[in-house]
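Scroll down for the structure; my scribbles are underneath it.
Quick note: the coordinates plus some simple rules give every number you see, no bench work behind them. This is a predicted model, so every value here is computed, not measured. All Cβ positions, glycine included, derive from the backbone under ideal geometry; neighbour counts span all protein chains shown.
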Amino acid sequence: MDNALMTDFDVKCTQLAEQLAEVLKAQKRMLVAAESCTGGWIAKSCTDIAGSSEWFERGFVTYSNNAKQQMLGVSSETLKANGAVSEAVVAEMAAGALMHSPADLAVAISGIAGPGGGSKEKPVGTVCFAWASGKKIFTAREQFDGDRDAIRKAAVLHALEGLIRHALD
């Protein structure tokens, strides 16, 4: 991308992906991403870095509940009890991504980017994250402001920041 056309988001996203790359290369680890509301944006951010095949293994875009079940093994009971945008579901997404790849670090994300789809319990901007490595899974629920694009961008940055933090744990 022409540097003159790069937005603050592009710059921050590239910086985080490059930082993540250095950490994972030094640790000789591989990453897998399981994405819903970000539609593959985390995978894109990682693979924008030259040489990313050294540390990025694959990505799953599981936008529908059916895809979450078929590709990642998320249980229908978990989906029914908690909804797709929940810490329970992203935890299963992350575990499933590790199970269905040779990677040893996973990120999973599911959220409501809007403009519709929100509820009182889960308003637009609600995004759930999971970071998994081995048997450890960390989850978080965040609330982001803005339009669909702003929510998705904030979610990508938060996911990358979490990956760096959890890779260093």
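Odds and ends about this structure:
- In plain terms, the C-alpha convex hull of the range 88-140 casts an average shadow of 3.8 nm² when viewed from every direction.
- The chain: most fluctuating residue of A94, A108, A26 per GNM, C-alpha cutoff 10 Å: A26
- For the range 42-130, size of Cβ-based charge dipole, Lys and Arg +1, Asp and Glu -1, in debye: 340 debye
- Among the trypsin sites (Lys or Arg not before Pro) found in the range 1-95, those both in a DSSP coil and sparsely packed, with 13 or fewer other Cβ atoms within 10 Å of their Cβ, are K28.
- Here the contact order of the range 31-95, divided by its residue count and restricted to Cα pairs under 8 Å and six or more residues apart, works out to 32 percent.
- Residue-averaged 222 nm ellipticity for the chain, from DSSP H runs of 4+ at -39500 (n - 2.57), nearest 500: -14000 deg cm²/dmol
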